[in-house]
Amino acid sequence: ICAPYRLQDQLLSLYALFLAQIHSFTSEEISAYFVEVFLRGFIDGISHAQTQDDKKLENSAVFIAHLLNFHIIKGTVIIEVFEKLREHLNVDTLQLVVVLATYSYKALRKLHWTAFSEELSKIVSSLDTAVFSALPRAKFLAETLRDLQKSAPTNVDMSIIEHYLKLFHGMRKKGNVVCDKELGMSLDDLLHADERGRWWVVGSAYRVANDSGNMEGAVEGSTQTAGSFPSEIVQLARRAKMNTDVRRNIFCTVGELL
């Protein structure tokens, strides 16, 4: 995905299908970890000036759109990515906006058309005061965005994506699905995961930055409370592979209520 040259749409769609299979049939924790690392890397990439003219970020933008197309992330995450691109608007990021909007158009039109259209309007408005707006490439990209607000893109062969989507939906109907919904976290959650914790991972503790003493006390407290539950429930928690104190305490607390 991070190759310096533009990857074929078929290959990027196949990569997305592979991740969607892991998300649906293996573990959403694996897909959540990948999405976190990938999106944080993308945001870091657009935040710094590009030192060379390659297609790494363009490939990433296409793949982010596929994360939505293959039901791995929610459409609101894509809207947040547009906001980040608008914050770092230049000719290169404007190109990424067009790419992302083109490949996620169908899903966003169905799920979040109002927010999608408004965000495109904000980006186009930002171009009016941008120093690079007079460049021919910027004018072309701005016109492309205006066209996307009126009609679906015609410069991309969506039949390739539709083919893999049909395969994916067929596998979900026949296989034993572990997760049948998109990841629930927002882009803001991912960007501040180190400070706020990863609530989408069961058993993940909340961690306050620069407050290691309080965190250690919380861990010690959770270890002590584990012994206050009936031994039968604790045994069930071990059989269910509740291997961390936080998971075990949650399991035992719910078990006592049943």
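The values are calculated or read from the model by the stated rules, or taken from the named source; none is laboratory data. Note that the coordinates shown come from a computational prediction; the quantities given were computed from them, not determined experimentally. Neighbour counts run over all protein chains shown; Cβ positions are idealised from the backbone, glycine included.
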Would you tally the residues in the range 197-221 being closer than 29 Å to CYS179 by Cα and modelled with pLDDT under 80? 7
Those residues of the range 12-47 which are more than 19 Å from MET185 (Cα to Cα) and not polar (S, T, N, Q), in sequence order: LEU12, LEU14, TYR15, LEU17, PHE18, PHE25, GLY45, ILE46
Just to be sure before I move on: is SER60 more than 17 Å from LEU191 (Cβ to Cβ) and surrounded by 17 or more Cβ atoms within 10 Å (Cβ to Cβ) in the structure I sent? no
Pull out all pairs, ordered by first then second residue, where Cβ-Cβ is under 7 Å, the residues are six or more apart or on different chains, the first lies in the range 230-241 and is closer than 10 Å to CYS252 by Cα, and the second is surrounded by 11 or more Cβ atoms within 10 Å (Cβ to Cβ) and among the aromatic types (Phe, Trp, Tyr). ALA237/PHE251
Matching residues in the range 229-243 (among the polar types (S, T, N, Q), modelled with pLDDT of 75 or more and surrounded by 10 or more Cβ atoms within 10 Å (Cβ to Cβ)) number 1
I'd like the full set of residues that are part of a loop (DSSP other than H, G, I, E, B) and touching a residue at least 12 places away in the same chain (Cβ under 8 Å), limited to the range 126-145. ALA130, PHE132, LEU135
Among the residues of the range 1-21, the number that are buried (at least 17 other Cβ atoms within 10 Å of the Cβ) and either of a type in the set (S, T, N, Q) or more than 18 Å from TYR103 (Cα to Cα) (or both) is 2
Test THR76 against the stated conditions and say whether it is of a type in the set (Ser, Thr, Tyr), farther than 22 Å from LEU19 by Cβ and either modelled with pLDDT under 95 or out of contact with any Gly (no Cβ under 6 Å at 6 or more places or on another chain) (or both). no
State all residues of the range 159-195 that are outside any helix (DSSP H, G or I), hydrophobic (A, V, I, L, M, F, W, C) and either in contact with a Gly (Cβ under 8 Å, 6 or more places away or on another chain) or buried (at least 18 other Cβ atoms within 10 Å of the Cβ) (or both); if no residue qualifies, say none. CYS179, LEU183, MET185
Quick check on the range 2-21. Is at least one of its residues assigned to a loop (DSSP other than H, G, I, E, B), closer than 20 Å to GLN95 by Cα, free of Cβ contacts under 8 Å to residues at least 60 places away in the same chain and under 18 Å from the mean Cα position of the chain (by Cα)? yes
